[in-house]
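Below is one structure; the comments refer to it alone.
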Amino acid sequence: MTRLKGWLLTMLFVIVGLGGLRRRGRDRIVPAGDPDRGAEIAVVLLLLGATVCGAGFVVLYALDDLGNRTQLFGIALGGAFAFLAAALIVVGKRLVVTEDLEEDYPEAEHPAQRDEVVQIVGESTSRFTRKRLLAGAAAMASAAVGLAALTPALSLGPVLDTDPLLRTPWRRGRRLVDDNGRAFRAADIQTGTFYTAFPEGASKDEIGSPLVLVRLDPRSLKLPRGRAGWAPGGILAYSKICTHAGCAIALYRKPTFPVVEPRPALVCPCHYSTFDPATGGTVLFGPAGRDLPQLPLMIDRDGALRAAGTFSAGVGPSWWRVRTRRSMA
Amino acid sequence: MPLGKPGEQPSRSTPSFNDHEIRAIVDYVAGLAPGPPVPKVDPAAGDVAQGQRVFTEHCAGCHQIVAQGGVVTGARVPPLKDATATQIAEAVRTGPYLMPRFSPRQISAHELDSIIVYVRRAQHPVNRGGWGIGNVGPVPEGMVTWLVAIVVLLATCRVIGRRVRR
């Protein structure tokens, strides 16, 4: 409450102070410069360009099915800033009256002269003949660029539907297949290496599809409570998508001589988030903020690997409240 | 070889033993128990495009896309610039130090030949941009960009600003 009062008082002082700076009705000191219509039109056009680019970013963001979206976003935002910068350069070089000072500054104890200097500075924008048009264009450009900067926040939800991020094709009984669609048998999985697996009969491109499979000595496992039986024969399945930024976990660190070498770990090549497969995908190192989601496995009568349920947590890069949600089968 | 101390990561260095001694050690160790055979390679049968695809999928995460090496947490990843065809095949099949090993189910014999062809190509990269900057990815490229960008920005400031003359 006291903090709020403090803020309100500060704002009041700022507003009163700004009002006090405005002095009207005095005679000019700096003669009005020659109007430069061409430069003014150029500024308005450049500000319009910034507006179009800023608004274009919002439109591009709204269009879902475009190719090369990142590049288009970059062009739109970069163009908006380039247009703004160009407009400011034209204002600075062509529209603000510049006077070279030929005398030394007067002593500071002459307040009247100091006020004159303030007035000179204030009137140095006198070449503007259509101030309101320019101010309007500038306001429009700022609004468009500001809007463009705020647009990506929409992706944080709840405006957009985030359920697809939590939906995965894995459900109890679904077989694990490799890149070419061949089923993984438990006997195929060796220690010391890692495999990428996909759900049989589902799209490989979905964020919830790819798995990384490793086999460890069952005695070395320390899985969290409630995950007994999730790793038959020491075979563990985790989501292949890093919980930090969503890269594919393409590195498996496996010691040749465990006595003196680092323990086995799944490593993401983007920012080196390191996960421990033996303890349920806990983070050993790096920027990842939560464990790698684990998928429970079972071995059917033919020896093939099947999912025994769905992931222990939502897959993919972390976002607002993802920890509190479970993935949906 | 030999390592300075246990736990030290092996790296490429001048061998302390001569060829004769090395062959003797290999024969002795081979006499202790039968181990995996030396993989047979046929780089002539490889396909460089397939090699790039398989290398990107299985190797580039650690070894970098033009095989310049890098790091994983807990280890350095060696560059492959001096690796011979047989050494590449042995490393893929056995997985030295922290590297995982890859079975023929994951990387077939033909894909291995292709990887070797690709690594040989990557050992002598064609820099169509004219300036490879070490071919090690975004760090030196970023440095060049920053240095060039800062010079351009300073020049722009110089152009749009003006000194007050007295």
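The values are calculated or read from the model by the stated rules, or taken from the named source; none is laboratory data. As the structure is a prediction and not an experimental result, all values here were calculated from the model. Every residue, glycine as well, gets a Cβ built from its backbone with ideal geometry; the counts of neighbours run over all protein chains shown.
On the given criteria, is residue A:73 touching a helix residue (DSSP H, G or I) at 6+ places or on another chain (Cβ under 7 Å) and in a helix (DSSP H, G or I)?
yes
This table checks each residue for (1) more than 14 Å from every other protein chain (Cβ to nearest Cβ); (2) exposed (fewer than 13 other Cβ atoms within 10 Å of the Cβ); (3) not in a helix (DSSP H, G or I).
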{"position": "A:146", "(1), (2), (3)": "yes, yes, no"}
{"position": "A:150", "(1), (2), (3)": "yes, yes, no"}
{"position": "A:155", "(1), (2), (3)": "yes, yes, no"}
{"position": "A:170", "(1), (2), (3)": "yes, no, yes"}
{"position": "A:208", "(1), (2), (3)": "yes, no, yes"}
{"position": "A:213", "(1), (2), (3)": "no, no, yes"}
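Filter segment A:286-304 down to the residues that are within 14 Å of chain B (Cβ to nearest Cβ) and buried (at least 16 other Cβ atoms within 10 Å of the Cβ) and list them by number.
Within segment A:286-304, A:286, A:288 meet the criteria.
Let's see how each residue does on (1) loosely packed, with under 11 Cβ neighbours inside 10 Å; (2) in contact with a strand residue (DSSP E or B) (Cβ under 6 Å, 6 or more places away or on another chain); (3) away from chain A (no Cβ under 13 Å):
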| site | (1), (2), (3) |
| --- | --- |
| B:2 | yes, no, yes |
| B:31 | yes, no, yes |
| B:36 | yes, no, no |
| B:51 | no, no, yes |
| B:74 | no, no, no |
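Would you check if residue A:289 is touching a Gly at 6+ places or on another chain (Cβ under 9 Å) and more than 18 Å from residue A:193 (Cα to Cα)?
It is false that residue A:289 is touching a Gly at 6+ places or on another chain (Cβ under 9 Å) and more than 18 Å from residue A:193 (Cα to Cα).
How about segment A:116-133: which of its residues are among the charged types (D, E, K, R), in contact (Cβ under 8 Å) with a residue 40 or more places away in the chain and part of a helix (DSSP H, G or I)?
Those that are among the charged types (D, E, K, R), in contact (Cβ under 8 Å) with a residue 40 or more places away in the chain and part of a helix (DSSP H, G or I): A:116, A:123.
Would you call residue B:101 more than 17 Å from the chain's Cα centre (by Cα) and part of a loop (DSSP other than H, G, I, E, B)?
Spelling it out, it is not the case that residue B:101 is more than 17 Å from the chain's Cα centre (by Cα) and part of a loop (DSSP other than H, G, I, E, B).
Select from segment A:245-288 the residues that are within 22 Å of residue A:220 (Cα to Cα) and among the hydroxyl-bearing types (Ser, Thr, Tyr) and write down the one among them that is modelled with the lowest pLDDT.
The selected residue is A:256.
Just a yes or no: is a residue in segment A:232-246 under 24 Å from residue A:165 (Cα atoms) and of a type in the set (Val, Ile, Thr)?
yes
Just checking, which of B:90, B:8, B:111 is within 14 Å of another protein chain (Cβ to nearest Cβ), over 24 Å from residue A:247 (Cβ atoms) and either surrounded by 17 or more Cβ atoms within 10 Å (Cβ to Cβ) or touching a residue at least 12 places away in the same chain (Cβ under 8 Å) (or both)?
Exactly one of B:90, B:8, B:111 is within 14 Å of another protein chain (Cβ to nearest Cβ), over 24 Å from residue A:247 (Cβ atoms) and either surrounded by 17 or more Cβ atoms within 10 Å (Cβ to Cβ) or touching a residue at least 12 places away in the same chain (Cβ under 8 Å) (or both), namely B:90.
Conditions (1) within 29 Å of residue A:264 (Cα to Cα); (2) of a type outside the set (A, V, I, L, M); (3) within 20 Å of the chain's Cα centre (by Cα), marked per residue:
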{"residue": "B:89", "(1), (2), (3)": "yes, no, yes"}
{"residue": "B:137", "(1), (2), (3)": "yes, yes, yes"}
{"residue": "B:142", "(1), (2), (3)": "no, yes, no"}
{"residue": "B:149", "(1), (2), (3)": "no, no, no"}
{"residue": "B:162", "(1), (2), (3)": "no, yes, no"}
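Can you pull out every residue in segment A:226-254 that is crowded, with 22+ Cβ neighbours inside 10 Å, out of contact with any helix residue (DSSP H, G or I) (no Cβ under 7 Å at 6 or more places or on another chain) and not in a loop (DSSP other than H, G, I, E, B)?
A:237, A:239, A:241, A:252, A:253
Taking residue B:92, is it assigned to a helix (DSSP H, G or I), modelled with pLDDT under 90 and β-branched (Val, Ile, Thr)?
Spelling it out, it is not the case that residue B:92 is assigned to a helix (DSSP H, G or I), modelled with pLDDT under 90 and β-branched (Val, Ile, Thr).
Those residues that are free of Cβ contacts under 8 Å to residues at least 12 places away in the same chain and small (Gly, Ala, Ser), I need them from segment B:117-166; list them, please.
B:129, B:130, B:132, B:142, B:149, B:155, B:161, listed by residue number.
From the set of residues in segment A:96-121 that are under 22 Å from residue A:36 (Cα atoms) and within 11 Å of chain B (Cβ to nearest Cβ), which is modelled with the highest pLDDT?
Ranking the candidates gives A:98 first.
Can you find a residue that is under 27 Å from residue B:162 (Cβ atoms) and either of a type in the set (Val, Ile, Thr) or touching a Gly at 6+ places or on another chain (Cβ under 7 Å) (or both) anywhere in segment A:108-119?
Among the residues of segment A:108-119, at least one is under 27 Å from residue B:162 (Cβ atoms) and either of a type in the set (Val, Ile, Thr) or touching a Gly at 6+ places or on another chain (Cβ under 7 Å) (or both), which makes the answer yes.
Please determine whether any residue of segment B:44-63 is in a loop (DSSP other than H, G, I, E, B) and free of Cβ contacts under 8 Å to residues at least 12 places away in the same chain.
Within segment B:44-63, none of the residues are in a loop (DSSP other than H, G, I, E, B) and free of Cβ contacts under 8 Å to residues at least 12 places away in the same chain.
Somewhere in segment B:13-23, is a residue of a type in the set (Gly, Ala, Ser) and either assigned to a helix (DSSP H, G or I) or within 14 Å of another protein chain (Cβ to nearest Cβ) (or both)?
No, that holds for no residue.
Condition first: within 20 Å of the chain's Cα centre (by Cα) and farther than 21 Å from residue B:55 by Cα. Now tell me which residues in segment A:247-276 satisfy that.
Result: A:273, single match.
So, in segment A:255-285, exactly how many residues are in contact with a Phe, Trp or Tyr (Cβ under 6 Å, 6 or more places away or on another chain), within 19 Å of residue A:313 (Cα to Cα) and either part of a helix (DSSP H, G or I) or at the interface with chain B (Cβ under 9 Å from one of its Cβ atoms) (or both)?
1
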